[in-house]
Structures are given as structure tokens and as C-alpha cells.
Amino acid sequence: MRDHNWSFAAWEIARLNKQIKSKSLVIHVDSHLDDVADGVRVKNLKTANTKDEIIEVARSYDRSLGEVSPSSIMHIDNFIWGSLARGTIEEVIYVSRDTQDVNTLESMRASEDVESLYYLSELPSDCNYLTTRFTSIDSFLSHFSESFFKEYVSNRSVILDLDLDVFNNSDSKSDLFPDDKVREYITRLFQLYPWDLITIAISPDFCGGINEAEHLFSIAREIMEIDLNTMHKLV
């Protein structure tokens, strides 16, 4: 996908097709946390029950045209809470250099802010949203061996959600990791577990440009043996 809001569509359609179960675990590897809680108020979020309806919920606005962001739509930074509200995911391990704090259930309850309490009320009544935070891929991979991660996953579905901008040290210019490090990290992430689902955001706006994003994606395609000719377009 070009922009990360489409991860929501991929997860929800995968659940609809019984490729993943509810209460899935997500490993979110990204420069940004993307955990903005207003994803729970996206229009038609909970009533979308078909592929086409899910795609419409996931559809955002065209930022490249300078459009004003409408309210109550999916964005590139609130899709995680959208799937939390639908019960498709329930735990997220964040691997991100983002300087913000994760929006946890505990922190939002403690704030006693009206808006935060509203967001919490939109989650399933049995939701036990768990989060773990790592600030680098190295620290995540140092913590989880293949055997430990398999034990940790247990019988849940698990999703690798990769944003290629994690390999850029800047949000505003091109400062990419060396190719050998990109290859090492993607290989180790890919081989960590037989993932039920992998979603990849190309994010040229945050990779330094289209050429940089295409370069990073070419590395990922090679390592994961992705044949674009076999892909089915959602939209």
C-alpha cells in the first residue's frame, strides 16, 4: 500500500476471509506510532461487514492535493484504533523511534479527559488492549528469539505491519539506512515467525521521496519474494 490507512482494510478483509482471527497481535514496525485514538469514530467503522464497505471505511483523503482533512475518516495515523474498536486486534508491539508516548488504556483512563473516556467507550466491552514499546528494531529482535516469540504468540493470529519509513532517519528528507542494514532487518523480521499476514506501507512522503521508497520496497520484495503480478488490487 502507498499509505498506511490501508492496513486497516487488509486486516479487516483478512478477518472477513478467516485468514486471521479476532484479537490478533500486531507487530507495528514504523517511524511513527500511528496510534491516534480518534480512529474509533470513523464513519461506518463498526457497521462495515463486506469487502466493499471496509474499503470505503479505509479510504482517506488525497493529501497530495492539499485537501483539508475531513472529520470522521480514516487517516494514516489512526487505523490501529479503528481495528481495536472492531475487535480484530487486541495487542500491539510498537517498534518505533517516535518520541510520543503510546496511548494505553491505563493512561487514557487516568487522564479523565472526556474525549479519552469516549474513545475508551467505543472499544469492545471485553477489550484488553495490551501494548509493548521498543524504540528500535535491534531492541525488539534482541528481546524476542524465534522460540520465545512463538511461545509469546501462542494460538493467536499475528500480523507484521511494516512501514518502510522506519528505514529513514528523517521525516522531512532522505537519510536512509545503508542497504545492508535494511536487508538484515527485513530478513530477520521476515524469518522471525511464519506470519499470518504481512502489511507493508511504502510511505514515499516519509521515506524521502518516491525513488527512495521504491528502492526500499525493491529490497523488501526481493527478500520476501513478492511477485507483484500475483497481487490483487483492493482499489
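The values are calculated or read from the model by the stated rules, or taken from the named source; none is laboratory data. What you see is a predicted model, and the numbers here were worked out from it, not measured in a lab. Neighbour counts run over all protein chains shown; Cβ positions are idealised from the backbone, glycine included. Surface areas here come from the heavy atoms of the whole protein model, side chains and all, with no ligands, DNA or RNA. Shrake-Rupley method; radii C 1.70, N 1.55, O 1.52, S 1.80 Å.
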Solvent-accessible area per residue, Å², over segment 5-230 with all protein chains present [probe radius 1.4 Å]: 48 Å²
Dipole axis of segment 5-230 (+1 Lys, Arg; -1 Asp, Glu on Cβ), positive-most option in Leu176, Ser145, Ala48: Ala48
Under Karplus coefficients 6.51, -1.76 and 1.60, residue-wise ³J(HN,Hα) of segment 134-149 in Hz, glycine/proline x: 10, 9, 7, 5, 4, 5, 5, 6, 6, 6, 10, 7, 4, 5, 5, 5
Filter on Lys23/Lys43; Lys23/Lys46; Lys51/Lys233; Lys21/Lys51 - keep pairs with C-alpha separation over 18 Å: Lys23/Lys43
Relative packing of 78-85, 188-195, which averages over residues the other C-beta atoms within 10 Å, highest first: 78-85, 188-195
Normalised contact order of the chain, rounded percent, pairs of Cα under 8 Å and 6 or more residues apart: 26 percent
Approximate spin-label separation Thr50-Thr99, in nm, with each point projected 7 Å along Cα-to-Cβ: 4.7 nm
Relative contact order, percent, segment 168-235 [alpha-carbon distance under 8 Å, six or more residues apart]: 38 percent
Within segment 75-183: Cβ-based charge dipole about Cα centre, in debye rounded to nearest 20 (Lys, Arg +1; Asp, Glu -1): 300 debye
Charge sum, other residues only, whose C-beta stays under 10 Å from Asn78's C-beta, Lys/Arg counted +1 and Asp/Glu -1: -3
Student exercise, segment 5-230 dipole from Lys, Arg, Asp, Glu Cβ charges, in Debye to nearest 20: 700 debye
Built amide H within the under 5 Å cut-off of Phe134, gap 5+: Tyr94, Val95, Ser96
Solvent-accessible area, 1.4 Å probe, carbon plus sulfur percent, for the chain: 48 percent
Peptides 47-60, 123-136 ordered by average Cβ neighbours within 10 Å, highest first: 47-60, 123-136
